[in-house]
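Accompanying notes for the structure given below.
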Amino acid sequence: MTDDDQNRADVVLTCLLVSSLVVSRTQAQGSGEATIFAEGVISTAEYESHSQFTPDGKQLYFVKSTPNFSFWTIARSRFENGKWTAPEVAPFSGQYSDADPFITADGSRLFFISNRPAPGKTNRDLDIWVMEKTSTGWSEPRNPGSPVNSPGNEWFPTATRICTEGLAGRQDFFLHQHARFRR
């Protein structure tokens, strides 16, 4: 493996699915122990996961799933008057299975996966979709097509600083294939 290959491999991130959102309090705010986030409002007995805060920390997008994980919806909550509001279905979600929201560090784009129909595609797999931040919210979802999306399923859209500063361009995508390693 070359140094370039190793550097690219280092940007691969692994995401964990958890059934409740958990945060850690700092020593200044409390005990330093992990606690359930917004218990009863965001974290409930239902199936919440894949959370993303806007850069200002005032909105939270996350996935609510059916108990058998056959349908996913992206929900949104706002931090108002010192507490999180009851989640609502995000304006762009609810009709198709939508999941894995990811908001760029500058807040200018929101990526997610969806099985919604894509122009020119005959199959209904999971593709990455993107929306641009506007003065009134988010643009309509747009499927960026190939090479971002493939004939198979895409999962967990993510961008890191190394992906956007200094490799091949300003908005690079890296594809990762799982491989079995022999010992």
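Brief remarks on what is shown
- Only Lys, Arg (+1) and Asp, Glu (-1) charged, at Cβ; the range 70-168 dipole about Cα centre in debye: 100 debye
- Spatially proximal lysines relative to LYS83 (Cα-Cα < 16 Å; intrachain offsets below 8 disregarded): LYS58
- When you count the other C-beta atoms within 10 angstrom of each residue and take the mean per peptide, 80-89, 96-105, 60-69 line up highest first as 96-105, 60-69, 80-89.
- Based on alpha-carbon atoms, the Kirkwood radius and the radius of gyration of the range 29-142 give Rg/Rh equal to 1.00.
Quick note: the coordinates plus some simple rules give every number you see, no bench work behind them. Fair warning: this is a prediction, and the values are worked out from it, not measured in the lab. We place every Cβ from the backbone using ideal geometry, glycine too, and count neighbours over all the protein chains shown.
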